[in-house]
Amino acid sequence: MKTLLENARLIDPETGTDTIGSLMIDGGVIGDPGDTPDARINCHGQCLAPGIVDIGVKVSEPGERHKESFASAGRAAVAGGITTIVTRPDTDPAIDTPETLEFVERRASIDAAVNVLPMAALTKSRAGREMTEIGFLMDAGAVAFTDCDRVITDTKVFSRALTYAKSCGALVIGHVQEPGLSSGGAVTSGKFATLRGLSGVSPMAERMGLDRDVALLEMTGAAYHVDQITTARALPALERAKANGLDITAGVGIHHLTLNEMDVADYRTFFKLKPPLRAEEDRLAVVEAVSSGLIDIISSMHTPQDEESKRLPYEEAASGAVALETLLPAALRLVHNGHLDMPTLFRALSLNPANRLGLTCGRLTPGAPADLVLFDPDASHRLDRFALKSKSKNTPFDGAILQGQVTATYVGGVNMTEALDA
């Protein structure tokens, strides 16, 4: 069946255009708009863009299903315009064997309403001592390898893992924090941390972590993606690494693009993240890096935590926030404030992550998968965290007025918003 989505504001990150037009869904792919449709849908001038590809989503299966399941994460992703989630291996146990990976894939294929691509651990149990069977895990379906926020401190182990990943054509994703400086920190060091009496993390920890990893990339030639760059001090090192021809890309989480260290206010633990929120000067520098293309990818860094782990003194509370449903409306703040235009935003949300993982989605080209999001960029609503589809409700945007509302999320040409509501 051919369905024509007409009178849409087409956001095409590949061509950098933002125009009124029509798009044909032909089965599960984007078709020729000149064909005769079987059905028509009037989009009433709303934005139609490639579905978001979200790298770094934590789904707490196996081990902590009460925090987030594939079913709840899929519903949240549909509500947020995300059509592909790339899941982290920081589960309990870690996803470090083909058997565990196959369990995740089975659960995702049965329960999730969106595409799910799993990452696997780079070292066994994410302990940084012995690398996993990268080749076997790739055969089982792993799209990338990461120990998430556990930095591998043994450079010999890390260099061997990078060398082996290079030989297998595998992508490695790293968390660039110098572990000695960042250990035990709850907020970014500075005047705010001192006034609040909280242990601080120097922004230089990120720069030092990046410098080490770039040196290892020069030695091994591996493909590498930095999960989050959040400080101005790390940007020149990233720029030099790219200029030197290294196979490196970088991302940033939505909270570091839209919030700063002052939002912690009176010890609000929903704002405790890893790395911690930064100074406003850092936030603006990172936003500019996204605009220029130096930082390639925006992701949710969705990290569900239950009430018990957040309702603790600030330094003892767990880090992380849910963001599958808030990623798009929060990112639209950057458009409404004039920092980014729509095609640039979706370059970072859809096209670049798809390209980094070798996927054919993330674009509006005929023949590409019909993974799409239709949304009203101007519709505003006050967020109620208890209305979120995620099992965990730990969002820093609770009570905030967000501008941008998803109307429909299409996965393989199927309107999953409609299907889940049926």
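The values are calculated or read from the model by the stated rules, or taken from the named source; none is laboratory data. As the structure is a computational prediction, the values presented were derived from the model and not from experiment. We place every Cβ from the backbone using ideal geometry, glycine too, and count neighbours over all the protein chains shown. Note: accessible area is taken over every heavy atom of the protein model, side chains too, but ligands, DNA and RNA are not part of it. Shrake-Rupley method; radii C 1.70, N 1.55, O 1.52, S 1.80 Å.
Against the condition open to solvent by 30 Å² or more (accessible area, probe 1.4 Å), among the basic types (Lys, Arg) and under 25 Å from SER300 (Cα atoms), how does ARG106 come out, does it pass? In short, yes. Per the listing GLY128, GLY184, the residue uniquely touching a Ser or Thr at 6+ places or on another chain (Cβ under 7 Å), open to solvent by less than 40 Å² (accessible area, probe 1.4 Å), part of a loop (DSSP other than H, G, I, E, B) and not aliphatic (A, V, I, L, M) is GLY128.
Counting only residues that are open to solvent by less than 50 Å² (accessible area, probe 1.4 Å), without any contact (Cβ under 8 Å) to a residue 40 or more places away in the chain and more than 25 Å from the chain's Cα centre (by Cα), how many does the stretch 158-181 have? Residues meeting the conditions: 0. Taking the numbered list (1) over 30 Å from CYS148 (Cα atoms); (2) in contact (Cβ under 8 Å) with a residue 60 or more places away in the chain; (3) in contact with an Asp or Glu (Cβ under 8 Å, 6 or more places away or on another chain) in turn, THR83 passes all entries but (1). The residues listed here are GLU308, GLU316; of these, the one that is farther than 17 Å from ILE254 by Cα, open to solvent by 20 Å² or more (accessible area, probe 1.4 Å) and in a helix (DSSP H, G or I) is GLU308.
Would you confirm, using the coordinates I've provided, whether PHE375 is in a strand (DSSP E or B) and touching a helix residue (DSSP H, G or I) at 6+ places or on another chain (Cβ under 7 Å)? For PHE375, the condition - in a strand (DSSP E or B) and touching a helix residue (DSSP H, G or I) at 6+ places or on another chain (Cβ under 7 Å) - is met.
Screening the stretch 1-88 for strands (runs of 3 or more DSSP E) wholly inside it with 1 or more residues that are surrounded by fewer than 22 Cβ atoms within 10 Å (Cβ to Cβ) returns the ranges 2-12, 17-26, 29-31, 39-42.
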